[in-house]
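What follows is calculated from the coordinates using simple rules that are stated; it is not laboratory data. What you are looking at is a predicted structure, and each value in this text was computed from that prediction instead of being measured. Methodologically, a virtual Cβ is constructed for each residue, glycine included, from the backbone with ideal geometry; neighbour enumeration extends over all protein chains shown.
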Protein chains: 2
Amino acid sequence: MLHHLTRRSMGAAALALATVPAALAQGTPDPLPSWRDGPRKRALLDFVGAVTTEGGPDFVRAADRVATFDNDGTLWVEQPAYTQFVFILDRIRALAPRNPAWQEDPVFRAAIAGDMRAVAAGGTAGLLKLAGAAQAGNTPEEFQRTAAQWLATARDRRWNRPYTQLVYQPMLEVLAFLRARGFAAFIASGGGVEFIRAFSEDAYGIPPNQVVGSTFALRPGEQEGRVVLTREPQVDFIDDGPGKPVAIARHIGRRPIAAFGNSDGDFQMLQYATEGPGRRLGMIVHHDDAEREYAYDRESHVGQLSRALDEAPRRGWQVVSMRDDWSRVFP
Amino acid sequence: MLHHLTRRSMGAAALALATVPAALAQGTPDPLPSWRDGPRKRALLDFVGAVTTEGGPDFVRAADRVATFDNDGTLWVEQPAYTQFVFILDRIRALAPRNPAWQEDPVFRAAIAGDMRAVAAGGTAGLLKLAGAAQAGNTPEEFQRTAAQWLATARDRRWNRPYTQLVYQPMLEVLAFLRARGFAAFIASGGGVEFIRAFSEDAYGIPPNQVVGSTFALRPGEQEGRVVLTREPQVDFIDDGPGKPVAIARHIGRRPIAAFGNSDGDFQMLQYATEGPGRRLGMIVHHDDAEREYAYDRESHVGQLSRALDEAPRRGWQVVSMRDDWSRVFP
């Protein structure tokens, strides 16, 4: 932010400031009602006002208004475990009777028994093995149906709600606000692309082609003269950390002008978005609200936030306090 | 088509037929003025009318109106050589003085000398080597600028026009027509994704994130604390033949309900689109107009069309005669 402010002319700053209170004062409904007034809400309104003010020094044409959002911990809850991980374990348990050989593998045994400590002991290799066994061997269409069915019935234990209701109301407002101002919002998630596509349109209004994520290898083939695509058990791209700018460049083909994340896995995405020329916005959701949601950052195994927190001030990234900046967490 | 007609109720057929002449008769401007009346124009109007008629048996909600288009030979001219190939050779000649070692490689020597026969003798391996040397080692943004600069000045010899003016007017009308009816149009091309993104928005109104294509490996890195993505000289995905459905499923996440191609490289894309449930449209541009454009199919090295031509009737794919169905070829 400082970086941008020092580079911007005083005239531009005055224009941006003039735009924002105008939008709020003249009887226009507040586009971000679940955000408390303060520097973060102001930064959001200021940024959107500046890049959409035609003739202004920071104006960005609609086609270049690309914003990227991490999913887990940025748009919905990621504690105590990633939702997709809960899904994987449920699938492993559901499929176990048909796969007796799994009992001979300690990671599968641990997953079936619900022994999280033992699953964790299997490390990333163990997790990827479970992920493949639980989710591959089907077409993308079949998998999305399976995931959608699970999401329709599974419930988070703490709130006894479907996971798709544990999305953050303030972020839904950001998505709607950006959309109304001509932005295209994309998800760039470490989660599986097809898992997210199973709910992103209903939950966020983000269509499948605006979801970028990790992928299983997809094998083309034919059955009875028809094209059949099979999701293989090998993860062939992990859309996390340095992978996020790669996937964004590949898929979107434009550098985002705004990025929203919550963990160090979003560091390079935030860099990529905010290092471009012109006005930029980088935002980090900081989970500091144990009462209404969770409080975690540097020491967390899920959604660890440390380097991004350290570097946020000098990079001009806005750190959103869930506790202070959001008047409401869930819809 | 037959397949669909037999499956559709008579009521649905009547509705579709009633829709189309209505659109043309009641003073509405013809959305496809460069298409001559006949079965192909009728199939297009009929299809779009059917899937957009709310309450009709073939209605498809806007979010699912996905259409995919091949690029070379479907949206613009691909003879006597793919435009990107001409670009690659121009780049090799431009970069040759800085790369004296290239003179020791017969494929590079042939390319620098403009000896197409000798380049062809190098086969696919030789072409990929040239493609990498000509196009990699830069960021996606740098490469797109280079490609855009070349496209702004290079001219096709036969027409002495920029390549971006050698797009097919009837296909531009299809794109505009589909867009007006709530479709999202994507390019799915064997060409390089970033080459196409350099002109797709201006030429076709198709934004970068709706372009799917072949890709070079993209390597993430940092320079002076900033994210830098480098296009490596290795092609890591070829979006052709069986690769097209894979790339479409990955990128779009929805099976298209319409697909437009012109060669056997589009076979699986046409299959994938038309094998889905409900009303579908598969269309093949047949280059049979040596006078206004080119005439080629089974024997051509560029854009070979043989299996798709054979199977089009039984698969219900419309084969468009450039000579008979198009009253005009270029804008």
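Table for the structure above
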| read-out | value |
| --- | --- |
| Using distinct alpha-carbon pairs, which all enter the 1/r mean, Kirkwood radius of the range B:85-171 in Å | 14.1 |
| Gain in span if fully extended, residue B:36 to residue B:54, counting 0.36 nm per residue against the direct Cα distance | 3.7 nm |
| Spin-label model distance (nm) - residue B:61 vs residue A:291, 7 Å beyond Cα toward Cβ | 3.9 |
| Exercise: per-residue mean of other protein chain Cβ atoms within 10 Å, B:221-231 | 4 |
| Proximal lysines relative to residue A:41, as straight alpha-carbon distance under 28 Å, when same-chain residues fewer than 8 apart are discounted | A:244 |
| Residue mean of other protein chain beta carbons inside 10 Å, A:162-173 | 0 |
| GNM flexibility winner over chain A from A:67, A:134, A:125 (Cα, springs under 10 Å) | A:125 |
| Rel. contact order, % - alpha carbon contacts under 8 angstrom, at least six apart, chain B | 22 |
| Across the identical copies, how the residue A:160 labels are spaced - nm, sorted shortest first, 7 Å along Cα→Cβ | 8.1 |
| Loop sites in the range A:54-113: chymotrypsin sites (Phe, Trp or Tyr not before Pro), DSSP, at most 15 other Cβ within 10 Å | A:59 |
| Anisotropy class of the range B:112-232 from Cα gyration tensor, a/c 1.5 cut | oblate |
| Surrounding net charge for residue B:54, when Lys and Arg each add one and Asp and Glu each subtract one, Cβ distance under 15 Å | +2 |
| Shape category assigned to the range B:36-89 from the gyration tensor of Cα positions, a/c cut at 1.5 | oblate |
| Relative contact order (percent, whole number), the range A:202-331, Cα cutoff 8 Å, 6+ residue spacing | 17 |
| Radius, Kirkwood style, for the protein assembly as shown when every pair of distinct Cα atoms is counted (Å) | 26.9 |
| Crossing angle, helix B:123-135 versus chain B [Cα axis fit, 0-90 degrees, rounded to tens] | 80 |
| Neighbourhood charge, 14 Å Cβ-Cβ cut-off, centred on residue A:155 and excluding it, Lys, Arg +1 and Asp, Glu -1 | +1 |
| Chain A: most fluctuating residue of A:184, A:148, A:94 per GNM, C-alpha cutoff 10 Å | A:94 |
| Acute angle (nearest 10 degrees) that the helix B:39-52 long axis makes with the longest principal axis of chain B, alpha-carbon atoms | 80 |
| Charge context of residue A:38, other residues only, Cβ under 9 angstrom, K/R +1, D/E -1 | +1 |
| Shielding by other protein chains, B:86-95, mean Cβ within 10 Å | 0 |
| Cα gyration tensor, the range B:214-308 - rounded (a/c under 1.5), prolate or oblate | oblate |
| Two-site FRET efficiency, residue B:165 against residue A:118, from Cβ-Cβ distance with R₀ of 45 Å, rounded to 0.05 | 0.10 |
| Low-density loop cleavage sites - trypsin sites (Lys or Arg not before Pro) in the range A:28-119, where at most 13 other Cβ are within 10 Å (DSSP) | A:61 |
| Centre separation in Å (Cα based) which lies between the range B:205-284 and the range A:162-231 | 17 |
| Helix-only CD estimate at 222 nm, as mean residue ellipticity for chain B, using -39500 (n - 2.57) per DSSP H run (n ≥ 4) | -12500 deg cm²/dmol |
| Residue B:109-residue B:226 FRET efficiency (beta carbon distance; Förster radius 30 Å; 0.05 resolution) | 0.20 |
| Copy-to-copy label separations for residue B:81, where each label sits 7 Å from Cα toward Cβ, in nm and ascending | 5.7 |
| In nm, spacing of pseudo-spin labels at residue B:149 and residue B:219 (7 Å Cα→C-beta vector) | 2.3 |
| Within the protein assembly as shown, percent of DSSP bridges classed antiparallel, to nearest 5 | 40 |
| Gaussian network model of chain A, Cα within-10 Å springs - most flexible of A:79, A:210, A:223 | A:223 |
| Against the rule of thumb 2.2 N^0.38 Å, how large the Cα Rg of chain A comes out | 1.05 |
| Range in chain A, longest, excluding exposed GluC sites (Glu not before Pro) [loop by DSSP; at most 13 other beta-carbon atoms within 10 Å] | A:55-223 |
